[in-house]
Every structure is written in C-alpha cells, then in structure tokens.
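Peer 1: Structure incoming, see below.
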Amino acid sequence: MTTEESISWPELLKDTNVTAQHGNDSNRIAAATKTLQQTAHQFVEVLNERARLFSNGAQFDTALRDAAAIRAILPRSGLGYLCAGDVYCQQGHHAAAVTIYDQGLEAVPESDAHYQQLRQHRMTAIANNNKRVDFISQSPLDIVITNIVPRMQPKFYSESSCEYLFVSRAWRERILQQPKGLNFHFGKNVHTFKNGHVKLVRFAPYVQILQGHLCDLHLDDLFHRAPFPNLKEIWFYCKDTTPRRPFINGLELVAHSLARMVILGSCSSIELRDIVETCPNLEYLEACGFEIIMPSSSTASYPKMTRLLLYGISESALAYDNMVDVLSRFPSLLLLRISPMPESRLLNALQDHCPYLQRLFYGPKRLAYTFPDPLTVYPNRRGVVSVHFGGGGSCDQDDLIRFLYQQRNSLEMIDFHAKITKDDDAIWEISDGRISESNDRGGTFDDDDDDDDPSQQQSETSFARLVDFDFWVMNETPSTPFMQWILLNAPNIKTIRILDSNCQPDIAAAMINLKHLSKVVFDTKRGSIDNMGIQQFLEYHIATMGDASTLEQVVVYMKDMSDVAWIPLLYRLKRLKTLMLLAGTISENCVSSMYELCQGCPALEDLTLGKDGSEMADGLLKSLRRHPNLKYLGVSARSLSENDLTALCAFRTLKYLYLQCPVPKYLLEILQDHIPNVEINSE
C-alpha cells in the first residue's frame with residue numbers, strides 16, 4: 001500500500017506528541033494542528049449543509065456520499081451519522097436510518113454535541129418504521145383492485161389458513177373483487193378431493209387459476225363439490241397413473257370457462273384428443289407425455305387455440321403424416337413448440353396449415369439459450385418472426401433453405417442448435433452466400449412459383465428484418481456455407497451468438513460486412529484451437545473501424561481465460577460498452593492484461609467477470625480500479641481476497657456492484673459506504 005493510500009484523516013487531526021524540539025517548533029506544531037482541527041470542523045459543517053440541499057433536491061446518493069465523507073474526516077463526531085440517517089429518513093428508508101444511528105451511538109462519545117440528537121432521531125425512525133397503514137381498507141376501491149392487490153400477487157393454498165382473506169371483511173371483499181381472481185394451489189401430499197380443501201371449495205366462484213400435483217387424484221371429485229364458473233387456467237403435474245376418465249369428467253365441468261391448460265410430468269394415460277374435444281375453448285395448451293392422437297373426424301378443428309406446446313412426443317407420433325394431421329386442426333396457431341424435433345420436411349407444411357404462426361420452437365429449447373425472444377404476437381399477421389431449432393435433431397439442408405426462404409420477409413430471430421444434413425440428391429447447393437440448383441441432383445423443385453425458389457432470387461436482400469442470429473453447430477463442414485448464406489443476406493443483424501469453432505475465416509469475413517452488428521457472444525467451451533476467424537474479426541474492428549466500430553457488447557463463455565489467446569484483443573475495442581468474461585478460471589496470467597483494459601476500452605461501462613464458483617487470481621480487481629468510466633461491475637467467484645474487496649472502494653466511477661461470493665460483514669459495510677448500489681449473493 002502506498003503512502004497516499006494509507007493516509008487517515010483522524011490521524012492527521014490528532015494532537016501531536018513532539019519528541020524532539022527545535023526552538024519554538026512544538027508550540028507552532030500544536031497551533032497548526034489546532035487550526036487543522038478547526039478547519040476540519042468548518043469543512044464538515046459545509047458538507048453537512050450541502051448534503052441537506054442535495055437531499056432536498058432528491059439527489060440522495062450524492063447526499064449520502066457527503067455524509068460518508070463527514071464520517072471519514074470526523075469518525076468520532078455524530079454529525080456524519082446524523083446526516084446519513086436523516087437522508088435515509090427523507091427517502092422513507094427508516095430501517096437503514098436506525099442502522100446508521102446505532103453505528104453512530106457506538107462510535108460517538110456521550111459528550112459529543114450530536115449524541116442526544118442521534119438518540120432522538122433514532123427513536124423517531126423506529127416509530128416511523130413501525131407505522132402500519134391499512135391501504136387495503138382505506139384506499140379507493142379501484143386503486144385497491146387494479147394496483148395494490150395485483151402487486152401483492154397473493155397465492156392461496158387449499159390446506160392453509162389463507163390469511164389475506166381473513167384479515168377483515170373489507171380485505172376479503174376487496175381481494176375477491178380484483179379482476180384476476182384467486183390463484184389457488186394444492187400440494188404434493190394431497191390424497192383425496194372428496195373432503196378437505198375447505199377454503200378452496202368456499203371461494204370456488206372466485207378462483208381463476210388452479211395449480212397442483214394431480215398424480216392419482218380424481219379431478220371430478222373436486223369440481224363436483226362446488227361450481228368453478230370463472231376458472232380460466234389450470235397447471236397440473238400428472239403421472240402415468242393419473243386416472244383418465246375422472247380427469248376428463250372433471251374438465252367437462254369447467255370447460256366452458258377454461259382458456260389455458262398446462263399439464264406436466266408424464267401423462268401417457270391422457271390423449272391430446274381428450275383435451276381438445278373436452279375443452280374446445282382452449283387458447284393455450286402446454287402438455288408433456290401425452291399420446292398425440294387426434295379425433296377420428298378429419299373435419300374437427302380448433303380455431304381458438306393460438307399457442308400449442310407439446311413435449312415428450314413418442315417417436316411414432318412424430319411421424320410426418322400424424323404431425324401434419326395435428327397441425328391441420330389448429331389453423332390459428334401463433335406459437336408452436338414441438339419436442340423432440342420432428343423430421344424437417346414438416347417445416348414446409350407449416351405455412352399451409354398454420355398461416356399465422358409467428359414463433360416456432362422446433363425441438364427442445366436449450367438451457368444455455370440467452371437471447372430474449374419477442375413475446376408479442378399479433379393475430380392475423382402472417383410470417384414466422386422467431387424460429388428456434390433445438391438440440392438432439394437434424395435438419396435436411398433443402399428443407400431448411402426452403403423454410404427460411406419462405407419466411408424471409410418476417411424473420412427477426414434465428415436460433416439454430418441442430419445438425420445440418422445434405423442428401424446426395426439435394427436440390428440446392430450453397431456457395432459464397434448464394435443458392436444455386438445442384439448440377440447432379442436427383443431431386444426436383446416441384447413448386448411452379450419462382451418466388452419460393454431461392455436460386456431464382458439472388459439480386460434482392462433475403463432477410464432484411466433479421467436482427468438476432470444464434471448459431472451453435474458441431475458439424476462445421478456442412479454448416480459453414482449455410483451460415484455464410486444467412487450472414488451475407490441479412491445486412492441488419494445486430495446480435496450474433498456463435499461457437500468459436502464455427503467462426504471460420506469465411507464466416508468472420510461475412511460478419512465484418514454487417515454494418516449494424518453491436519453484440520457478439522462467443523462460446524469457447526469446446527476449446528477450438530483455430531482462432532483465426534475471431535482474430536480476423538476483432539482486428540478489423542480495432543484497426544480498420546477504430547472509433548467508428550459498431551461493436552458495443554461482447555460476451556465470452558470459456559473454461560480458462562488464459563487459454564483463449566485472442567482475449568487481449570477485446571481490450572483494444574474503443575467503442576465497447578459492455579464486456580462479460582464468463583470464465584471458470586481467471587489466473588494470475590490475466591492480471592497484467594487488466595491494465596490494458598483500463599486504457600484500451602475507454603467507453604466501457606459494464607464489466608462482468610467469472611461465473612458461479614470461478615477461481616479468480618488475487619489482484620485482478622485491484623488492477624481495474626483506475627478505469628475512467630466503469631459504472632457497473634459484476635464478479636462471480638468462489639472467493640475474493642480482502643485486498644481485492646477493499647480495492648473496490650477505489651473505483652471512482654462505480655455506481656453498481658454485484659458480487660456472487662462470500663463477503664465479510666465489515667467489508668460489506670465499507671463497500672456500501674463507497675458505492676451507491678451493492679448487491680451480494682453469497683449462496
């Protein structure tokens with residue numbers, strides 16, 4: 001620690017003991033010290049007045065900073081504690097005020113001029129913190145049922161006391177009048193619906209959502225005990241032993257109002273036709289393990305269904321003809337999720353049977369999926385907006401090309417995590433970002449409309465609306481031309497997520513041409529040795545683009561940061577604002593390069609280091625403290641040294657700190673004194 005870092009204000013203001021004298025120096029030193037003490041008291045009075053003015057202007061963080069400065073200069077004075085506590089009270093944070101007043105009463109002698117004020121203000125803060133206002137009973141009815149109760153999000157359990165409903169008659173009446181109704185749960189240990197569940201039965205007319213583990217229970221036993229005229233949504237966890245007939249009989253009693261159904265677990269005793277025939281008004285169905293069997297009448301359809309999510313489909317049910325039959329029954333679908341992945345030729349039947357489909361999940365959604373998916377769908381709008389090809393399956397290249405090209409005018413997001421296969425009789429070839437008919441193909445393109453033949457439409461931009469492209473494929477050879485075709489024909493892409501092994505030089509060259517690319521996510525967990533493509537891409541943004549680079553966010557997933565040779569190139573991106581280095585290990589070899597980050601990324605505001613349980617070298621955070629613009633810092637590690645934790649106090653521009661690691665209480669208090677927002681997750 002340098003001399004500058006070890007200076008303590010209290011030490012400077014102490015009366016000095018001079019051990020050697022020369023002339024009248026001891027008296028002059030004492031007089032100088034007295035002047036410093038008087039000046040310090042005047043200085044903190046001015047700080048206190050400024051803090052009061054800041055607080056009156058709602059600049060609370062700045063006011064608390066001034067209060068912390070007072071405590072640093074005169075820690076044995078009650079003024080700094082009083083100032084901070086009063087700011088917290090003005091914010092309405094009375095519990096925080098009590099804490100700071102308590103700290104002051106421990107640190108300040110009773111003879112201090114502000115000691116009694118600390119005690120009085122503490123008592124007032126405690127009283128204010130204990131005040132309770134019955135907003136439910138005293139607020140206007142419309143505010144209670146449209147704002148207060150929905151924010152409470154009350155969930156009631158059928159075997160509990162349901163305390164919210166029994167606080168008072170006024171509470172019960174107002175909670176029951178809220179437009180979203182009641183949300184009731186029953187747990188795993190329920191053995192019968194024939195008795196018990198008194199609260200659920202009593203308030204059945206007001207229940208709109210019912211959730212629980214159905215398992216071996218007879219659902220009709222519950223719905224026969226009381227009418228549920230407003231039940232709109234059910235979430236049940238079932239088993240293969242869930243009795244089919246009582247389940248269907250129960251649904252018949254609530255089918256008129258039911259709009260949303262989620263059935264998870266393993267439900268082989270139930271068939272899809274049981275649900276759609278019994279509940280024709282369903283708009284949303286999410287089901288796992290159903291037998292995918294449709295009604296025998298080929299004319300039966302369910303136009304009200306707009307969202308269909310089917311998991312755990314058997315191999316026989318995934319057969320092309322059966323899946324076409326399923327899709328043909330739901331002409332109004334806006335969202336479809338099918339898992340596992342059916343054969344890819346089904347993709348090209350979607351447009352005929354589900355013309356309004358906008359979100360497609362083809363195969364399981366992977367756990368590492370990171371991009372936000374647009375949740376808004378618009379009835380009567382044609383064209384798929386987002387498509388997600390999950391893992392565990394493969395897509396024929398011809399089927400994939402044709403489907404994506406059909407949706408070229410609407411696609412905004414492609415998330416691809418499957419294998420690409422190419423038959424010997426493929427219709428199309430991909431080369432240099434262009435589609436051409438295969439010279440030696442045995443297949444034929446059997447559509448008379450050239451608008452659906454990508455080989456006939458090479459002059460126009462294919463994917464003008466595409467902004468998010470997530471590509472994560474293991475078999476690089478057939479996937480590289482496909483990826484290059486997308487990138488070279490989607491000039492408005494803003495975000496890319498890619499495996500390092502997929503980023504070959506041809507792909508990097510295509511990425512360089514993207515004039516709106518602002519975010520890139522690299523996944524290096526496979527440890528690709530060939531990094532030429534990534535280096536080529538980064539060097540272009542450093543040397544050629546420089547201050548004109550569009551790249552503002554970079555995320556890197558990796559095991560050991562020192563194994564990824566191109567990481568230091570990131571520290572030279574002048575326009576970079578957000579950097580996430582999500583490494584399992586950040587070793588001592590990486591500490592020195594952090595100084596390069598401070599100088600080479602002047603625009604950086606948001607930095608995240610490590611992930612849950614990461615090994616992080618001592619001194620890493622200290623090396624970052626001189627960054628000129630860093631506002632957000634997130635660190636996840638198994639542990640951090642006290643030196644690194646203390647060094648965080650020296651980050652001059654930091655506004656928010658997130659730490660996922662153990663932090664001693666005394667160090668947490670120090671961090672909170674120096675950084676406006678501190679969040680700790682030590683679990």
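Bear in mind these aren't lab numbers, they're just calculated from the coordinates by the rules spelled out. The structure displayed is predicted, hence computed values, not measured ones. Please note: Cβ atoms are built from the backbone with ideal geometry, for glycine as well, and neighbour counts cover all protein chains shown.
Peer 1: Using the Karplus equation 6.51 cos²θ - 1.76 cosθ + 1.60 (θ = phi - 60°), what ³J(HN,Hα) coupling, rounded to whole Hz, does each residue of segment 653-664 give in order, writing x for Gly and Pro?
Peer 2: 9, 5, 10, 9, 10, 10, 10, 10, 5, x, 9, x
Peer 1: Would you work out the charge dipole size for segment 109-223 about its Cα centre, treating the Cβ of every Lys and Arg as +1 and the Cβ of every Asp and Glu as -1, and quote it to the nearest 20 debye?
Peer 2: Details: 14 positive and 10 negative charges, 37 e Å.
Approximately 180 debye in magnitude.
Peer 1: Using 0.36 nm per residue, how much length does the chain from LYS194 to CYS649 gain when fully extended, once their Cα-Cα distance is taken away?
Peer 2: Numbers: separation 455, 0.36 × 455 = 163.80 nm, distance 6.22 nm.
Additional length available on full extension: 157.6 nm.
Peer 1: If you don't mind, another one. Taking the Cα-to-Cβ direction at SER639 and at TYR157 and moving 7 Å from each Cα, how far apart do the two end points lie in nm?
Peer 2: Using points 7 Å along Cα→Cβ, the separation is 3.7 nm.
Peer 1: Would you mind counting up the charge near ASN589? Only other residues with Cβ under 11 Å from its Cβ, with Lys and Arg at +1 and Asp and Glu at -1. Walk me through the intermediate numbers first.
Peer 2: Working: positive: none; negative: ASP560, ASP563, GLU588.
Summing Lys/Arg as +1 and Asp/Glu as -1 gives -3.
Peer 1: If you don't mind, there's one more thing I want to ask. Rounded to the nearest 20 Debye, what is the dipole magnitude of segment 518-683 about its Cα centre when Lys and Arg each give +1 and Asp and Glu each give -1 at the C-beta?
Peer 2: Numbers: 17 positive and 20 negative charges, 80 e Å.
Computed about the Cα centre, the dipole is about 380 debye.
Peer 1: Something else: Tell me, what is the Rg over Rh of segment 54-206, with Rh the Kirkwood radius over Cα pairs? Walk me through the numbers before you get to the answer.
Peer 2: Working: Rg = 23.6 Å, Rh = 19.2 Å.
Result: Rg/Rh = 1.23.
Peer 1: Residues with beta-carbon under 15 Å from that of PRO379, excluding PRO379: net charge, scoring Lys, Arg +1 and Asp, Glu -1?
Peer 2: Once all neighbours under 15 Å are counted, the net charge is +4.
Peer 1: Right, next: Please report, in cubic angstrom per residue, the volume enclosed by the convex hull of the alpha-carbon atoms of segment 559-621. Don't skip to the end; give the middle numbers.
Peer 2: Working: hull volume 4.6 nm³, N = 63.
Measuring per residue, one finds 73 Å³ for the Cα hull of segment 559-621.
Peer 1: Find which of GLN153, ILE136, PHE203 sits farthest along the positive direction of the dipole of segment 114-218, computed with +1 on the beta-carbon of Lys and Arg, -1 on that of Asp and Glu, about the Cα centre.
Peer 2: About the Cα centre, the residue reaching furthest to the positive side is ILE136.
Peer 1: A follow-up question, please. Taking the Cβ of SER268 as the center, what net charge do the other residues with Cβ under 13 Å away carry, scoring Lys and Arg +1 and Asp and Glu -1? Walk me through the numbers on the way to the answer.
Peer 2: On the way: positive: LYS239, ARG244; negative: ASP240, GLU271, ASP274, GLU291.
Here the count lands on -2.
Peer 1: Here's something else I'd like to know. Determine, for ARG122, ARG151, ARG245, ARG345, the number of other Cβ atoms within 10 Å of each Cβ, and report the residues in order from fewest to most.
Peer 2: Values: ARG122 21, ARG151 6, ARG245 11, ARG345 15.
Fewest-to-most ranking of ARG122, ARG151, ARG245, ARG345: ARG151, ARG245, ARG345, ARG122.
Peer 1: Still on this structure, I have one more. Do the sum for the chain: with -39,500 (n - 2.57) for every DSSP H run of n ≥ 4, divided by all residues, what is the mean residue ellipticity at 222 nm, to the nearest 500 deg cm²/dmol?
Peer 2: Values: 24 runs with 224 residues, N = 683.
Using -39500 (n - 2.57) per qualifying helix, the result is -9500 deg cm²/dmol.
Peer 1: To make sure I understand, if each residue's beta carbon is the centre and we count other beta carbons within 10 Å, what order do SER639, SER161 fall in, fewest to most?
Peer 2: On the way: SER639 14, SER161 10.
So the residues, fewest neighbours to most, are SER161, SER639.
Peer 1: May I ask which residue of CYS288, LEU466, ALA426 lies farthest towards the positive end of the charge dipole of the chain, with charges of +1 (Lys, Arg) and -1 (Asp, Glu) on Cβ and the Cα centre as origin?
Peer 2: After comparing all options, I get CYS288.
Peer 1: How far apart, in nm, are the 7 Å Cα→Cβ label points at ASP61 and ARG28?
Peer 2: Between ASP61 and ARG28, the simple spin-label model gives 4.7 nm.
Peer 1: Measuring from label point to label point, each 7 Å out along Cα→Cβ, what is the THR585 to GLU106 span in nm?
Peer 2: Computed distance between label sites THR585 and GLU106 equals 4.1 nm.
Peer 1: Can you list residues from other chains, or at least 5 along the same chain, whose modelled amide H is less than 5 Å from the amide H of LYS419?
Peer 2: The list, which skips near neighbours in sequence, is GLY393, SER394, CYS395.
Peer 1: So what are the ³J(HN,Hα) numbers for segment 611-624, from phi and the Karplus equation (6.51, -1.76, 1.60; θ = phi - 60°), rounded to whole Hz, Gly and Pro as x?
Peer 2: So the J values, rounded to whole Hz, are 8, 3, x, 5, 8, 10, 5, 5, x, 5, 6, 4, 6, 9.
Peer 1: Among HIS218, HIS627, HIS191, which comes first, then next, by fewest other beta-carbon atoms within 10 Å?
Peer 2: Arranged by neighbour count, lowest to highest, HIS218, HIS627, HIS191 become HIS191, HIS218, HIS627.
Peer 1: Within straight cross-link reach of LYS494, meaning Cα distance under 28 Å, which lysines are found once same-chain residues fewer than 8 apart are removed?
Peer 2: LYS365, LYS419, LYS515, LYS519, LYS525, LYS559, LYS574, LYS577, LYS611, LYS631, LYS655
Peer 1: Follow-up. Does the chain classify as rounded, prolate or oblate by the C-alpha gyration tensor (a ≥ b ≥ c root eigenvalues; a/c under 1.5 gives rounded; else a/b over b/c gives prolate, otherwise oblate)?
Peer 2: On the way: a/c = 2.96, a/b = 1.39, b/c = 2.14.
Oblate shape, in that a/c is at least 1.5 and b/c is the bigger or equal ratio.
Peer 1: Something else now. Once you have the Cα-Cα distance between ASP325 and LYS611, take 0.36 nm times their residue separation minus that, and quote the gain in nm to one decimal. Mind dumping the intermediate values first?
Peer 2: Working: separation 286, 0.36 × 286 = 102.96 nm, distance 4.57 nm.
Stretched out fully, the ASP325 to LYS611 stretch lengthens by 98.4 nm.
Peer 1: Something else: Between segment 543-571 and segment 39-118, what is the separation of their alpha carbon centroids in Å?
Peer 2: 44
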